[in-house]
1. Checking the table Lys104/Lys149; Lys81/Lys128; Lys81/Lys121; Lys113/Lys144; Lys75/Lys97 against a 23 Å threshold on Cα-Cα, which pairs fail?
2. To the nearest 20 debye, what charge dipole does region 73-166 have about its Cα centre, counting +1 at the Cβ of each Lys and Arg and -1 at the Cβ of each Asp and Glu?
3. Over the Cα atoms of region 56-166, how large are the radius of gyration and the largest Cα-Cα distance (Dmax), in Å?
Amino acid sequence: MATVKSKSRTQESTAQSPQATPITREQRYQMIAEAAYFRAQSQGFCGNPTQDWIAAEAEIDRILLQSSQTELSPKQIFEQKLEAQLQELDALFDHLKLQASLGKAELRTEIDKQLEVLAQKRNAAQTKLNELSRRTEGAWEDLKGSAEKAWDDMRQALNQIAERFR
């Protein structure tokens, strides 16, 4: 199965607004850990810890993104939104790979094929994001539609795979 690059630019840098103090990776991790704990606590610690973590990560990234959107251009806001979605999908992808590895051999083979297709779609989405980030503020709009389509394709493929586990 193809490996998926799970680092996006957001993970390699810190989340910050132009006038705010940067949030370090460690601070972001701690925020996610606390949010995941409170999610689990609210469910009486009877839920799925991986799903709690994924939801907490998405929640914290949304909060950090919203707080950093002051004085950002529409292009920067769109890029950050796509990066946050990519991180959320990467976490779900990793969770599905784990579930597939625990499944029966015949199911595992089928899921591995589907995950391979998803990995290709994820890489295409990352490529679109990279293209988008290289464009100037005035020339990025033409890529917006194709980037959104790449994300929609990846999201649909991921949802189809996730349905197999419900």
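1. Lys104/Lys149; Lys113/Lys144; Lys75/Lys97
2. Magnitude of the dipole: close to 160 debye.
3. Values for region 56-166 (Cα only, Rg and Dmax): 15.9, 52 Å.
Throughout, read-outs are computed from the coordinates displayed, never taken from laboratory work. What you are looking at is a predicted structure, and each value in this text was computed from that prediction instead of being measured. Cβ: placed from backbone, ideal geometry, glycine included. Neighbour counts: every protein chain shown.
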